[in-house]
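First comes the structure, then the notes that go with it.
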Amino acid sequence: MSRFDKKLERRGTDCMKWDVVDKAFEAEGIIPMWVADMDFETPRAVTDAIIRRATHGAFGYNVVPQSYYDALINWLKRRHGWEIRKEWIAYTPGVIPALYWAVGAFTKPGDKVLVQSPVYYVFYNAISVWNREAVCNQLVQTEDGYRIDFADLEEKLSDPAVTLMIFCSPHNPVGRVWTREELEKVSQLCVKHNVLLVADEIHSDLVFRGHKHIPIASISEEAANNTIVCVAPSKTFNLAGLATANAIIPNKKIYDAFCAERRKSAIHTPDIFGMIALEAAYDHGEEWLEDLIDYLQANYDYLESWLAENLPQVKPLRPEGTYLIWLDFKSLGMSSEELKTFLNTKARVALDQGYWFGKGGEGFARMNIACHRSTLEEGLARLKGAIDAL
Ligand SMILES: Cc1ncc(COP(=O)(O)O)c(C=O)c1O
């Protein structure tokens, strides 16, 4: 029995995933397998550290302790072989704010930002909020999963109006953990065409056995000098509500410009509990994380064989990382609007709609399998019931 077999009731905790799902999907009794957080308790060490700090009772202004930096530095070194320095770390209250600030700080009106669709839809918001244009280097689906079209990437990066690229590594939603060769090519092309690389590595700890995440800034000095890497303990340890992430920026000029943009939002210090949680998770959460990866792998294996046996019309893409499964519903022959209505009101399974992720997302939906096995079983049974009734 895994520690993740314990069923956690999340309803009634003002939880976005469960408490507003009916409203968000305009469907009653819909099962939430959408937003990227997990139906699991964080490691006990994290909860204990928060309780210890909470019982002190005074929550005035805080500073970032050395132990916070040490925990992050040691984590990146231990888990990903990346040696970073304290001066490279810029706190952010989430990866999304970091992306917004990067676009604000490093693009000007008329500039364009490159993304690789289908991709986490908030990337588009971080671009449009500044009235910049998104340029898509669409990922190519092959028999072996998605690949980067490097010729198209180079052509688009060579447009002088393209000054920044937001790169998702590992990739949400297609689940790729990019290889060293792919990372080298992406980084070299950005350097060659003078495009700043912003790497969203929020899913980097959630990598299945047989794959290895490589921080893109760790591959060369040239890469480090041209990259902002965003990391967080939030996906890994289910801490998104504690709003704590970090941008790692080795280049001092880029670091200073990023922090200047951050100052405009009047953000100065991390949340006390977010800092405590990051430290406890990185210092004491490793064994828990290994168990989590096993549980997620078992959930995926279950999903894959269940679909093959019971619902072959729906094809899952085997992920190399993340707990987000890209499901291909194209055999149903529905338009994006029809698929959405079908999933919400007939199957009553709340999934992130493929078209939200941009070009190439049509006909797909994203399922979050970081849930109790019984939730997964229920979600799959509902899909089958609805598809059988078509
Ligand atoms: C690729 C990616 N980046 C960022 C986020 C959210 O970041 P945060 O909650 O730290 O702002 C998510 C959440 O799903 C994500 O998948």
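A few remarks follow.
- Rounded to the nearest 20, the size of the Cβ-charge dipole of the range 270-390 about its Cα centre is 920 debye, with Lys and Arg at +1 and Asp and Glu at -1.
- Cβ-defined net charge surrounding residue 34, 9 Å radius [Lys, Arg +1; Asp, Glu -1]: +1
- Surface share of carbon and sulfur [accessible, 1.4 angstrom probe, percent] for the chain: 51 percent
- Per residue accessible area of the chain, 1.4 Å probe, in Å²: 42 Å²
- At full extension, residue 374 and residue 140 could sit 80.9 nm farther apart than now, given 0.36 nm per residue minus the alpha carbon distance.
- A helix-only calculation puts the chain at -12000 deg cm²/dmol for mean residue ellipticity at 222 nm, using -39500 (n - 2.57) for each DSSP H run of at least four residues, averaged over all residues.
- Amide hydrogen neighbours beyond the local backbone of residue 162, cut-off 5 Å, H modeled: 112
- Once each of the GluC sites (Glu not before Pro) sitting in a DSSP loop with at most 11 other beta-carbon atoms within 10 Å is removed, the chain keeps 144-390 as its longest stretch.
- Length-normalised contact order for the chain - Cα pairs under 8 Å, 6+ apart - percent: 24 percent
- Over the range 58-284, relative contact order from alpha-carbon pairs under 8 Å, at least 6 apart, %: 26 percent
- Total charge dipole magnitude, the chain, about the Cα centre, Cβ charges on Lys, Arg, Asp, Glu only, Debye to nearest 20: 700 debye
- Taking a ≥ b ≥ c as the square roots of the eigenvalues of the Cα gyration tensor, an a/c ratio of 1.5 or more together with a/b no larger than b/c marks the chain as oblate.
- Springs between Cα atoms under 10 Å define the GNM used for the chain, and in it the highest mean-square fluctuation of 352, 301, 328 occurs at 301.
- Whether the range 1-70 is rounded, prolate or oblate, judged on the alpha carbon gyration tensor where a/c under 1.5 counts as rounded: prolate
- Close amide H pairs (under 5 Å, H built 1.01 Å from N) link residue 199 with 167, 228, 229, 230, residues at least 5 positions away or on another chain.
- Counted charge near residue 104, where neighbours are those whose Cβ lies closer than 13 Å (Asp, Glu -1; Lys, Arg +1): +3
The values are calculated or read from the model by the stated rules, or taken from the named source; none is laboratory data. From a predicted model like this one, the values you see are computed outputs, not experimental measurements. No Cβ is skipped: glycine too gets one built from the backbone with ideal geometry, and neighbour counts run over all protein chains shown. SASA here: full protein model, heavy atoms, side chains in, ligands and nucleic acids out. Shrake-Rupley method; radii C 1.70, N 1.55, O 1.52, S 1.80 Å.
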